[in-house]
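Q: Quick one: the structure is below, questions incoming.
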Amino acid sequence: MKIWKTIDNIKFDNSKDLLLDFKKKNFKTSLWVDNIFEKNVYHLKKIKLPINLYRVSLKDLGFDKATELEKVYEKAKINHLKLVDPILALITREHYLEQPTGEWLRFATPLDSMIDSDGVSHLPKLGKALNLYFVETYWSYSKAIFHPHNEFVFCK
C-alpha cells in the first residue's frame with residue numbers, strides 16, 4: 001500500500017489556532033467541526049511526527065458491494081491499517097490543497113471520537129467545491145453504508 005501523504009510538520013499549537021487560521025484562509029468548516037473542535041481543544045505539539053496516511057477504497061479492502069462501516073473497520077484492521085486521530089483530518093486540510101473539485105475524502109476515525117454537543121458521532125471529511133476548501137463531517141455509526149468506490153484515509 002502506497003503512502004498518500006506524510007504529515008511531518010504542524011504549524012499550530014492547538015486546534016483553536018488551526019480553526020482561526022482556516023477562517024483567515026477562507027477554508028470552510030461545518031458547524032459540527034467548529035462545535036467538536038472548539039469544545040475539545042486538541043494540543044497539536046503532542047503529536048508524534050511523521051505520520052503516514054493512506055487512501056484506501058473499499059474495493060482495495062476487498063468489498064464488491066455496499067457494506068457497513070463496522071465491517072470496513074474490521075477489514076482494515078486485518079490489513080494492518082489503523083484508524084486516524086480526528087485532529088489529523090484538520091491538519092491534513094493544510095497539506096492537501098491539490099484536491100480535485102468535487103471530491104470528498106473521508107477519514108477513518110474511531111467511532112465516537114468526534115461527538116458534537118447534541119451527542120451525535122461524526123467522521124471528518126475534506127472537500128473542494130466552488131473554488132473553496134472544506135472540512136465537513138459525515139454522521140458516524142457502525143451501520144452506516146458505504147460503497148466499493150468510497151475511499152477513506154487510514155494510517156499504519
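Q: Within region 122-133, can one find any residue that is surrounded by 15 or more Cβ atoms within 10 Å (Cβ to Cβ) and either in contact with a His (Cβ under 9 Å, 6 or more places away or on another chain) or more than 15 Å from Phe27 (Cα to Cα) (or both)?
A: yes
Q: With respect to the numbered conditions (1) open to solvent by less than 10 Å² (accessible area, probe 1.4 Å); (2) farther than 24 Å from Lys143 by Cβ; (3) modelled with pLDDT under 95; (4) in contact with a strand residue (DSSP E or B) (Cβ under 7 Å, 6 or more places away or on another chain), which one is the sole condition not fulfilled by Gln99?
A: Of the numbered conditions (1) open to solvent by less than 10 Å² (accessible area, probe 1.4 Å); (2) farther than 24 Å from Lys143 by Cβ; (3) modelled with pLDDT under 95; (4) in contact with a strand residue (DSSP E or B) (Cβ under 7 Å, 6 or more places away or on another chain), the odd one out for Gln99 is (3).
Q: Continuing with this model, one more query. Report whether or not Lys39 is open to solvent by 50 Å² or more (accessible area, probe 1.4 Å), farther than 16 Å from Pro124 by Cα, touching a residue at least 24 places away in the same chain (Cβ under 8 Å) and over 17 Å from the mean Cα position of the chain (by Cα).
A: no
Q: For region 134-156, name all the residues that are of a type outside the set (S, T, N, Q), open to solvent by less than 40 Å² (accessible area, probe 1.4 Å), under 19 Å from Glu70 (Cα atoms) and in contact with a helix residue (DSSP H, G or I) (Cβ under 8 Å, 6 or more places away or on another chain).
A: Within region 134-156, Ala144, Phe146, Phe152, Val153, Phe154, Cys155 qualify.
Q: If you go through region 110-120, how many residues are farther than 17 Å from Leu19 by Cβ and either buried (at least 20 other Cβ atoms within 10 Å of the Cβ) or of a type outside the set (S, T, N, Q) (or both)?
A: Residues in region 110-120 being farther than 17 Å from Leu19 by Cβ and either buried (at least 20 other Cβ atoms within 10 Å of the Cβ) or of a type outside the set (S, T, N, Q) (or both): 7 in total.
Q: Another question, then. Quick check on my filter: what residues within region 132-156 are farther than 23 Å from Ile51 by Cβ and either of a type in the set (Ser, Thr, Tyr) or free of Cβ contacts under 8 Å to residues at least 24 places away in the same chain (or both)?
A: If the condition is that a residue be farther than 23 Å from Ile51 by Cβ and either of a type in the set (Ser, Thr, Tyr) or free of Cβ contacts under 8 Å to residues at least 24 places away in the same chain (or both), then Trp139, Tyr141, Ser142 are the ones that fit.
The values are calculated or read from the model by the stated rules, or taken from the named source; none is laboratory data. Every value quoted in this text rests on a predicted model; they were computed, and no experiment measured them. Cβ coordinates were reconstructed from backbone atoms using ideal geometry, including for glycine residues, and neighbour counts include every protein chain displayed. Keep in mind that these areas ignore ligands, DNA and RNA; they rest on the heavy atoms of the full protein, side chains included. Shrake-Rupley method; radii C 1.70, N 1.55, O 1.52, S 1.80 Å.
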